[in-house]
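The values are calculated or read from the model by the stated rules, or taken from the named source; none is laboratory data. Small disclaimer: the values here were computed from a predicted structure and weren't measured. Heads up, the Cβs are rebuilt from the backbone with ideal geometry, glycines too, and the neighbour counts pull from every protein chain shown. These accessible areas exclude ligands, DNA and RNA; they are computed on the full protein's heavy atoms, side chains included. Shrake-Rupley method; radii C 1.70, N 1.55, O 1.52, S 1.80 Å.
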Amino acid sequence: KAGVTQTPRYLIKTRGQQVTLSCSPISGHRSVSWYQQTPGQGLQFLFEYFSETQRNKGNFPGRFSGRQFSNSRSEMNVSTLELGDSALYLCASSFGQNTGELFFGEGSRLTVL
Amino acid sequence: AQSVTQLDSHVSVSEGTPVLLRCNYSSSYSPSLFWYVQHPNKGLQLLLKYTSAATLVKGINGFEAEFKKSETSFHLTKPSAHMSDAAEYFCVVSDRAGGSYIPTFGRGTSLIVHP
């Protein structure tokens, strides 16, 4: 069974640009959640989608958004990038609504210059 | 509100000696507790979980954790460390506040294993 797949794995952007990250969950999993990991702030919850609906949202500005498609694949978008957005963005899937038992992808490492 | 504190940012052990990674939590509800491991440049992998069943939880790769409600702790142990255990470990608490589960991650403990 294929795991959680995130693309791209690495990307470099400049301030002011926008970026879209993609996540394909494990087959059959309907919940996808996103996390930002930085050395300074650790792992922080961004949002969770279940059956194409955003169920929960963390404490991030509106520049961070996401969506989920009917096949459970998810994308997150960050607009007007700032230097502080440089981070590892992790996607995780679970069968039901996010209960903490998560299956993570390897992440997308974003560098903002 | 929920929170989790990992009491050590780094733990250093010799191969073959016991491992103890400490985690204290705070939760207004009956929490679910988890330990995840992250190897360099990888995503997180679930080691074990506590969801109000047995208080001693066995996980993968020989790891165990004991839920102690009176001490609000969920420490991770392993009898004998292996070089491959060197990684970052995260304690996670998740409770059903407001009808939804939102996980809160500890800051992580880096386990260093010396030969």
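Okay, here's what the table says:
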| quantity | calculated |
| --- | --- |
| Accessible surface of segment A:15-73, 1.4 Å probe, proportion on carbon and sulfur as whole % | 41 percent |
| Shielding by partners - mean other protein chain Cβ count within 10 Å, residues of A:51-63 | 1 |
| Residues of type lysines that A:Lys57 reaches as a straight line, Cα spacing below 25 Å, ignoring anything fewer than 8 places off in the same chain | A:Lys13, B:Lys42, B:Lys49 |
| The protein assembly as shown: antiparallel DSSP beta bridges as a percent of all, rounded to 5 | 90 percent |
| Length-normalised contact order for chain A - Cα pairs under 8 Å, 6+ apart - percent | 37 percent |
| Cα pair distances of the protein assembly as shown binned at 10 Å [whole percent] | 8, 33, 35, 20, 4, 0 |
| Where B:Glu15, A:Glu75 fall by accessible area, highest first, once all protein chains stay in place (1.4 Å) | B:Glu15, A:Glu75 |
| Distance (nanometres) between label positions extended 7 Å along Cα→Cβ at B:Gln45 and A:Thr80 | 4.1 nm |
| Shielding by partners - mean other protein chain Cβ count within 10 Å, residues of B:43-52 | 4 |
| Nearest-10 value in Å² for the accessible area of A:Ile12, using the 1.4 Å probe | 120 Å² |
| Heavy-atom accessible surface that B and A bury in contact, both chains counted, 1.4 Å, Å² to 100 | 1700 Å² |
| Average accessible surface area per residue within the protein assembly as shown, 1.4 Å rolling probe, Å² | 47 Å² |
| Shielding by other protein chains, A:36-45, mean Cβ within 10 Å | 3 |
| Inter-label distance, nm, simple model (7 Å from Cα along the C-beta direction), B:Ser9/B:Ser26 | 2.0 nm |
| Candidates B:Lys68, B:Lys58, B:Lys49, ranked by Gaussian network fluctuation over chain B, Cα under 10 Å, top entry | B:Lys68 |
